[in-house]
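The values are calculated or read from the model by the stated rules, or taken from the named source; none is laboratory data. A quick note: this is a predicted structure, and the numbers were derived from the prediction, not measured. Don't worry about glycine lacking a Cβ; one is built from the backbone with ideal geometry, like all the others, and counts go over all protein chains shown. Note: accessible area is taken over every heavy atom of the protein model, side chains too, but ligands, DNA and RNA are not part of it. Shrake-Rupley method; radii C 1.70, N 1.55, O 1.52, S 1.80 Å.
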Amino acid sequence: MIRDPYIEREARNAAFILLGVLSAGFGIEGFLVPGGFIDGGVTGVSMLLSRLTPVPLSVWLPIINLPFLAVGYRQLGPAFAVRGTLAIAALALALVVVPYPHVTEDHVLEAVFGGFFLGAGIGLAVRGAAVLDGTEIAALVISRRSPLLKVGDVVLIFNVVLFLVAMRTLGVEPALYSILTFLAAARTMDFVIYGVEEFTAITVFSREHAAIREAIISELGRGVSVLRGYGGMSGVDQSVLYCVVTRLEVGRVKQIIHARDRGAFVVYHPLSDVDGGVVKRTRLH
């Protein structure tokens, strides 16, 4: 039997999206809606509007996300837009037809676990090459057109404005719980997307570069690039090591470096993603 890579990939994406929809729906209906809290981003706007108007959340979600999906169609391609549209439509449908239970009356638990399941759902949808919240699409477009703003800056400004509005309309206490929801959702989403293996790039300036390079390769099995550098103060040519390891391996790299050169100058750079090379990761499509 001939296996079609495209069908396998789309089946995997569909599974991620379905799990994401069910998880996000549980977070919304099982925790956030009963508690009267909102999340950040476009989902939070939809939830706020559903609180202030008679129109239900299942209607606001696709309406508010539609312009962002249209932008995604132009910026990220039709396949992404189709997956995103189906994912958001499925979430709206799940909010109507799935009988999610109301789990707890404790507001802290509602805020934290509502954010947890919603963030997990959004993260799973992203792993399925789709979105359940259009905020990131808008932030990406704005950051491309404004050299002063990064994606994270746009998302932060958007959510600051949203929660200030929530304080005026919902009250201070529900808005503060909503901020807790947003923080839980954001952290969970990052964990689901990037996993435990968040990567760190390490740049090493040391006279013992050869010994450090061989130890990293032999003990950790990681690739190390040797760059040619020039000391700005010393005026001496030197070799600079550059390698990428997982967050869990940073401590071991520090031990390797300190055992061979306690005076080494080391710079650590957190990375959001890597691909190829010796560091192996399943690539999302």
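Look at Thr188 and say whether it is at pLDDT 90 or above, assigned to a helix (DSSP H, G or I) and either aromatic (Phe, Trp, Tyr) or open to solvent by less than 30 Å² (accessible area, probe 1.4 Å) (or both).
On the way: at pLDDT 90 or above: yes; assigned to a helix (DSSP H, G or I): yes; either aromatic (Phe, Trp, Tyr) or open to solvent by less than 30 Å² (accessible area, probe 1.4 Å) (or both): yes.
Answer is yes for this residue.
Only one residue in Pro5, Pro62, Pro34 is more than 24 Å from Leu156 (Cα to Cα), over 19 Å from the mean Cα position of the chain (by Cα) and free of Cβ contacts under 8 Å to residues at least 40 places away in the same chain, so which one is that?
Sole residue among the options that is more than 24 Å from Leu156 (Cα to Cα), over 19 Å from the mean Cα position of the chain (by Cα) and free of Cβ contacts under 8 Å to residues at least 40 places away in the same chain: Pro5.
Got a number for residues in segment 264-285 being modelled with pLDDT under 90 and exposed (fewer than 13 other Cβ atoms within 10 Å of the Cβ)?
Filtering segment 264-285 down to residues modelled with pLDDT under 90 leaves 269-285.
From the residues that got through so far, the ones that are exposed (fewer than 13 other Cβ atoms within 10 Å of the Cβ) too are 269-270, 272-273, 275-277, 280, 282-283, 285.
Adding up the residues that qualify gives 11.
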Q: Of the numbered conditions (1) free of Cβ contacts under 8 Å to residues at least 60 places away in the same chain; (2) open to solvent by less than 50 Å² (accessible area, probe 1.4 Å); (3) farther than 21 Å from Pro99 by Cβ, Pro78 fails exactly one; give the number of that condition.
A: (2)
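Considering only segment 46-55, state which residues are touching a residue at least 24 places away in the same chain (Cβ under 8 Å) and either open to solvent by less than 80 Å² (accessible area, probe 1.4 Å) or assigned to a loop (DSSP other than H, G, I, E, B) (or both).
Answer for segment 46-55, where residues must be touching a residue at least 24 places away in the same chain (Cβ under 8 Å) and either open to solvent by less than 80 Å² (accessible area, probe 1.4 Å) or assigned to a loop (DSSP other than H, G, I, E, B) (or both): just Leu48.
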Q: Go through (1) assigned to a helix (DSSP H, G or I); (2) more than 22 Å from Ala175 (Cβ to Cβ) one by one and return the number of the condition Ile64 breaks.
A: (2)
Q: State all residues of segment 92-147 that are among the polar types (S, T, N, Q) and part of a helix (DSSP H, G or I); if no residue qualifies, say none.
A: Thr135, Ser143
Q) Of all the residues that make up segment 1-41, how many are crowded, with 23+ Cβ neighbours inside 10 Å, in contact with an Asp or Glu (Cβ under 9 Å, 6 or more places away or on another chain) and of a type outside the set (Gly, Ala, Ser)? A) 5
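Each row is one residue, and each column tells you yes or no for (1) within 16 Å of Ala186 (Cβ to Cβ); (2) under 18 Å from the mean Cα position of the chain (by Cα).
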residue	(1), (2)
Arg74	no, no
Ala79	no, no
Ala90	no, no
Ala120	yes, yes
Gly128	no, yes
Q | Residue count for segment 238-248, restricted to those that are modelled with pLDDT of 85 or more, open to solvent by 20 Å² or more (accessible area, probe 1.4 Å) and farther than 12 Å from Tyr268 by Cα | A | 1
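Tell me which residues, restricted to segment 253-265, are under 11 Å from Ile202 (Cβ atoms) and either within 27 Å of the chain's Cα centre (by Cα) or in a helix (DSSP H, G or I) (or both). So that I can check it myself, show each step before the final result.
Filtering segment 253-265 for residues under 11 Å from Ile202 (Cβ atoms) gives 253-254, 256-257, 264.
Result: Val253, Lys254, Ile256, Ile257.
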Q.
Take the conditions at pLDDT 90 or above and either farther than 27 Å from Gly263 by Cβ or open to solvent by less than 40 Å² (accessible area, probe 1.4 Å) (or both) and apply them to Ala129. Does it pass?
A. no
